[in-house]
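The values are calculated or read from the model by the stated rules, or taken from the named source; none is laboratory data. Only a predicted model underlies this, so the values are computations on that prediction, with no experimental measurement involved. Glycine gets a Cβ as well: all are built from the backbone with ideal geometry, and neighbour counts include every protein chain shown.
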Amino acid sequence: MKVFVARQPIFDRRRTVQAYELLFRSGGENAFLHTDGDLATQSVVSHGVHVFGLDELTHGRRAFINFTRSLLVRETATLLPSDKVVVEILETVEPDEQVIRACRALKQRGYRLALDDFVAREGYDPLVALADFVKVDFRLNQGSQRSALARSLRPRGVRLIAEKVESPEELAEGVSLGYELFQGYFFCKPEIVSREDIPVNKLHYLRFLREINRPDVDFDALESLIKQDVALSVKLLRYINSAWFGLSSRVTSLRHALVLLGSRTLKQWASLVAVTAIASGKPAELVVTSLMRATFCERLAKPSRLGSHASDLFLVGLFSSIDALIDRPLEEVLSQVAVSDSVRDALLGGANPLSRVYNLVLTYERGDWERAAELARELDLDESILPEAYDRSVQWVDQVLGS
């Protein structure tokens, strides 16, 4: 599987490369062709760390990486070394209390922050106060705006980056106004780099995602799953042996790597790798839907007097979109997966206790409240519990994908 990342150098006044901005690319086209900002950034982070290696991509210089609001709040940046990256806050991020708190936490951990495509707007002073770099778009800001921003920002101690510089005249203007760093097509367009990633089994990653998010992490089960997938093994050992962990000796044991990462960092790393792999080339919503159905089905097991089948109900929901995720007929996938006959029958349209719960979940998901109430009565289930069970499922999925 070939993966792509674009990088664009950031120069100083002497035209010496000081850093690189890493940009998502889904293929060889030199353009951003993706609507999901979270998944784009997660792909850049995952590919940069696990496939290319950050130092190799940036030749040891800092990497500027765009972060959406949700990834800032989830602290995804903490998967990366603070001395190797600059957290670039997209212009669409509103500086609300949660965002400011997340940025302060990053600063306390030694991360540097940059504001992307900056224009003077009300309410952004708290972010400016935390920023190390401010990127001023020379296409959005003309003449007096460029000089006004320089006059207001330089005394605050931030380093100004002129971006989208497209001519020698604009470079000279930026230098005269006090801009320190420069980026744009005048220097060079983003360069696409690609590499063959180790093929992944999306079904295996779904199992891995489920295992990593159990309340009590079973390290034996995790180690067993990782050993079954060369890609996971390589990525885990490459991550733990990266320079930013500062380990005195090389880690060669998967179990040792799991223990060293600790539960929280392990869940962050595993969720990032698994979601990126599963959703590769697919809408991220397919993953969300599968996990939502899985945990919703599981939560209805006990109220439906099917508590002993909670695990099977989870699998019914988890595999409900597996055909779309891995582009194979559902019946073919299930014939090669070790699921019970009752799970297989429920997914293939058969009538059994699991299918009744599954149908209730699908009906509730569609918002057909009248039919959902009927199905709840058929299960002798109090329909008043459905909203809370659904809300808790939403929270669980947010935790899984954001942890």
Wholly within segment 48-167, strands (runs of 3 or more DSSP E) carrying at least 3 residues that are more than 30 Å from Asn241 (Cα to Cα) = 133-137, 159-163
Residue check: is Tyr124 aromatic (Phe, Trp, Tyr) and more than 28 Å from the chain's Cα centre (by Cα)?
-> no
Would you be able to say whether some residue in segment 109-124 is over 24 Å from Ala150 (Cβ atoms) and surrounded by fewer than 19 Cβ atoms within 10 Å (Cβ to Cβ)?
-> yes
What is the number of the single condition among (1) out of contact with any helix residue (DSSP H, G or I) (no Cβ under 7 Å at 6 or more places or on another chain); (2) of a type outside the set (Lys, Arg); (3) surrounded by 19 or more Cβ atoms within 10 Å (Cβ to Cβ) that Val343 does not meet?
-> (1)
Can you name the residue in segment 45-89 that is of a type in the set (Ser, Thr, Tyr) and touching an Asp or Glu at 6+ places or on another chain (Cβ under 6 Å) and is also surrounded by the most Cβ atoms within 10 Å (Cβ to Cβ) among such residues?
-> Thr68
Of the residues that make up segment 152-167, is at least one touching a residue at least 60 places away in the same chain (Cβ under 8 Å) and surrounded by 14 or more Cβ atoms within 10 Å (Cβ to Cβ)?
-> yes
Scan segment 90-99 and give yes if some residue there is of a type in the set (Ser, Thr, Tyr) and surrounded by 15 or more Cβ atoms within 10 Å (Cβ to Cβ), otherwise no.
-> no
Of the residues in segment 19-54, how many are more than 23 Å from Ala270 (Cβ to Cβ) and modelled with pLDDT of 80 or more?
-> 4
Please verify whether segment 234-247 includes one or more residues that are modelled with pLDDT under 80, of a type outside the set (A, V, I, L, M) and farther than 24 Å from Leu80 by Cα.
-> no
Which helices (runs of 4 or more DSSP H) does segment 317-364 wholly contain that include 1 or more residues that are β-branched (Val, Ile, Thr) and modelled with pLDDT of 80 or more?
-> 341-347
